[in-house]
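**Q** Before I ask anything, here is the structure I am working with.
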Amino acid sequence: MRIEIAPGHVESYMRALLNRHDETVLLEMEKYASREDFPIVNRHVGVTIEILARAIRARRVFELGSGYGYSAFWFARAVPQNGEVHCTDSDPENAEKAKEFLSRSRLWQLITFHVGDALASLRQVGGEWDVIYNDIDKEGYPDAWKLARDHVRVGGLYICDNVLRVGGAPRKLAGRWREAIREHNESVMGDSRFLSSILPIREGLMVAYRLR
């Protein structure tokens, strides 16, 4: 499932239009990703998820897979001062890195970071959420959807990255990742409780709005 979403010159043009969002910490986070070859949503997706969260006036966001907080940066900008963004990652070093970056952006007070398995963390915390964002290892996408869909409030969003291609997938996992993504996408799009679409930016962004 290798899909060419946008030519390089189109990506570059779109990125150039987003320069007004430049700030020291955000640029450092992006440089860190490039230097460490760390997969993050790019600037296009970051701005998009902030728009989506603002559009539904999200106050509570739960991330399944947060890395060192790049996507959380955008969600934390979207929620109000009494909002909350819950992050998950199995590596405590990523949690510390997120704290370092997001504290400097004055966003850390909105963050609760769970170190451990993302799905186990959501089960433990429970409750309904305005946005659940999924960016875990792709083999886990079907199970993540099955859990997340019942925790999204009516009028809330399920958002998932990497639903059109698996850039950077280890060769031994690429086939399983593709099959998991296909299963995930068909399950989300086939659920009548949600109105769903895939935005063809970066590696594909699934957006599912809960109707009932």
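The values are calculated or read from the model by the stated rules, or taken from the named source; none is laboratory data. Worth saying up front: this structure is predicted, and the values here are computed from it rather than measured. All Cβ positions, even for glycine, are placed from backbone atoms using ideal geometry, and neighbour counts span all protein chains on display.
**Q** Return only the number of the condition from (1) surrounded by 16 or more Cβ atoms within 10 Å (Cβ to Cβ); (2) part of a loop (DSSP other than H, G, I, E, B) that PHE101 does not satisfy.
**A** (2)
**Q** Does THR112 qualify as being surrounded by fewer than 19 Cβ atoms within 10 Å (Cβ to Cβ) and in a strand (DSSP E or B)?
**A** Considered against the rule, which asks whether it is surrounded by fewer than 19 Cβ atoms within 10 Å (Cβ to Cβ) and in a strand (DSSP E or B), THR112 comes out as yes.
**Q** If the Cβ limit is 8 Å and pairs must be 6+ apart or interchain, which residue in segment 121-140 that is in contact (Cβ under 8 Å) with a residue 24 or more places away in the chain pairs with which residue that is in a loop (DSSP other than H, G, I, E, B) and basic (Lys, Arg)?
**A** ASP130/ARG57; ASP130/ARG59
**Q** Just checking, which of ARG20, ARG59 is of a type in the set (Lys, Arg), free of Cβ contacts under 8 Å to residues at least 60 places away in the same chain and surrounded by fewer than 19 Cβ atoms within 10 Å (Cβ to Cβ)?
**A** ARG20
**Q** Output the residue which, of all residues in segment 167-212 that are among the small types (Gly, Ala, Ser) and under 20 Å from ALA53 (Cβ atoms), is modelled with the lowest pLDDT.
**A** GLY204
**Q** If you don't mind, another one. Check ARG176, ARG182 and return the single one that is among the basic types (Lys, Arg), without any contact (Cβ under 8 Å) to a residue 60 or more places away in the chain and either surrounded by fewer than 21 Cβ atoms within 10 Å (Cβ to Cβ) or within 21 Å of ARG57 (Cα to Cα) (or both).
**A** The unique qualifying residue is ARG176.
**Q** Among the residues of segment 62-80, write down those that are over 23 Å from VAL152 (Cβ atoms) and surrounded by fewer than 18 Cβ atoms within 10 Å (Cβ to Cβ).
**A** Answer for segment 62-80, where residues must be over 23 Å from VAL152 (Cβ atoms) and surrounded by fewer than 18 Cβ atoms within 10 Å (Cβ to Cβ): there is none.
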